[in-house]
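The values are calculated or read from the model by the stated rules, or taken from the named source; none is laboratory data. Note that the structure is a prediction, hence the values are computed from the model and not measured. Here the Cβ positions follow ideal geometry from the backbone for every residue, glycine too, while neighbour counts run over all protein chains shown.
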Amino acid sequence: MTSIVWLRRDLRLADNPALSAAAKLGPVLPVYILESDLPRPLGGASLWWLHYSLAALGRELARLGLPLLLLKGSAAELLPKLAAQTQAQRVLCNDCHHPTDGAVKRALAPLPLETVFDHLLYEPGAVRTQGGQPFKVFTPFWRAVIAQPEPPRPLPVPSLSGVQGIPGDALEDWHLLPTTPDWAGGLRESWTPGEAGAQERLDDFLDGGLNGYSRDRDFPAKPATSRLSPHLAFGEISPRQIWHAARLAGAHPAEGFLRELGWREFCHHMLRLFPDMATRPVKPEFARFPWREDDEQWLAFIQGRTGYPIVDAGLRELWHTGFMHNRVRMIVASFLVKDLLIPWQKGEDWFWDTLVDADPANNPCGWQWVAGCGFDAAPYFRIFNPVLQSQKFDPDGRYIRRWCPELARLPDKHLHAPWTAPMFVRDYPAPVVDHDGARQRALAALKSI
């Protein structure tokens, strides 16, 4: 029995439930479709990652004697044609809340699209309050999750036989990589996309970073975090693989690293409740918030030229690596939506385009958390002071000096607020806004709704 396995955010061989289920029944044709009708296409950094992730998966499948079929267009049009061409009896995919699943199911009928649970530790809907309602606050949600039986153990790489001779696209013909200008040099220096790169990243973290994670994770100059998020976003490693490897290394689910994996779980469960999370505030009163549009301040923001070093360092790290430390993400997001009063949706969209770990649940959930309008969000009136945050989490300025080299010679006393230095700082801008005044403006805006 020939099976088509439609790959999306599950670009791996190990612990791939759809691939394993298909392999039990006969020849398998793995296919990835660069979809032309997605409501939200991938951003530039994600397309860069996708190129190398597909290249890595293609090499691994070729080593096993299987082709990876690449097609471009509408999945709802291509999959029925492919099923007829190969006389496939089954089309399988891993469930990842994909926006075109419904259209594909209708187009394939009467052949079913078989979805296999995969993308999370627990199925949305499986974790509920005692009253049978979905949780909307993280801490009780996570307590309920860790009271469940442990997630299933990861599956091994299945024994595969393939379908040959089906023509597809060449990866290079998709032109996913930037050309002129080539802005991806820092990404190439920073990352190894693919399943092997994900496993190496996990092993390195468990060997050297897990024990100090809770102590050091908020300090961006320290290599204390796992940096597994882009590998998770593309499914090069599964949350089950991470869970069981971390548990074996001594991680406790109620705290530290696995609790952060729980936040990802929470975000994806909330996305099922509120699929418009990237554009519409969960709390409806925030639809009336008096946001501002200021092109000059927005440009200073995305260029890392706001005059606040911790904010600028984070945005320059993002430009160079496609990544930003999580504590700095919160500081940067707070600055945009509270100091500048620029809509959180604009920041979310910028991150979607520039982050290699851009995720349809984590990204909007994080922005709504900072903006005070999402599930279990921080109150809007809790406004980060970028100078105090900088002094607390980058006290010796190592992170700032790395990403803002024009400030490298400033003493620590003035590094976090360069406008206080007695000497002129060449090539570094004055603050685009006064934080104290911006804070009062933000609180007044909040009061208006």
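Here are a few things to note about the model shown:
- If the condition is being more than 19 Å from the chain's Cα centre (by Cα) and in contact (Cβ under 8 Å) with a residue 40 or more places away in the chain, then the range 204-218 contributes 206, 210, 213, 214.
- In the set 137, 145, 127, 91, only one residue is in the same structural domain as residue 63 (by TED's automatic domain parsing) and either touching a residue at least 40 places away in the same chain (Cβ under 8 Å) or surrounded by fewer than 17 Cβ atoms within 10 Å (Cβ to Cβ) (or both); that residue is 91.
- Residues satisfying the stated conditions in the range 173-184, i.e. without any contact (Cβ under 8 Å) to a residue 12 or more places away in the chain and assigned to a helix (DSSP H, G or I): 173
- With respect to being surrounded by fewer than 21 Cβ atoms within 10 Å (Cβ to Cβ) and out of contact with any Leu (no Cβ under 7 Å at 6 or more places or on another chain), residue 329 falls outside the description.
- You will find that of 354, 321, 306, the residue that is surrounded by fewer than 24 Cβ atoms within 10 Å (Cβ to Cβ) and either of a type in the set (A, V, I, L, M, F, W, C) or more than 22 Å from residue 280 (Cα to Cα) (or both) is 321 and no other.
- Filter result (under 17 Å from the mean Cα position of the chain (by Cα) and not in a loop (DSSP other than H, G, I, E, B)) within the range 263-290: 263, 264, 265, 266, 267, 268, 269, 270, 271, 272
- Test: residue in the range 178-191 that is surrounded by 16 or more Cβ atoms within 10 Å (Cβ to Cβ) and of a type in the set (Lys, Arg): no
- Checking each residue in the range 193-217 for being crowded, with 19+ Cβ neighbours inside 10 Å and part of a helix (DSSP H, G or I) picks out 195, 198, 201, 202, 205, 206, 213.
- Residue match in the range 306-316 (condition: modelled with pLDDT of 95 or more, under 27 Å from residue 127 (Cβ atoms) and either basic (Lys, Arg) or not assigned by TED's automatic domain parsing to the domain that holds residue 388 (or both)): no
- Within the range 357-373, residues that are in contact (Cβ under 8 Å) with a residue 60 or more places away in the chain and surrounded by fewer than 23 Cβ atoms within 10 Å (Cβ to Cβ) have Cβ atoms under 8 Å from residues that are part of a loop (DSSP other than H, G, I, E, B) and of a type in the set (Ser, Thr, Tyr) in these pairs: 372/380; 373/380, counting only partners at least 6 apart in sequence or on another chain.
- Any hit, the range 266-281, residues being β-branched (Val, Ile, Thr), outside the structural domain of residue 228 (by TED's automatic domain parsing), touching a residue at least 40 places away in the same chain (Cβ under 8 Å) and surrounded by 15 or more Cβ atoms within 10 Å (Cβ to Cβ): no
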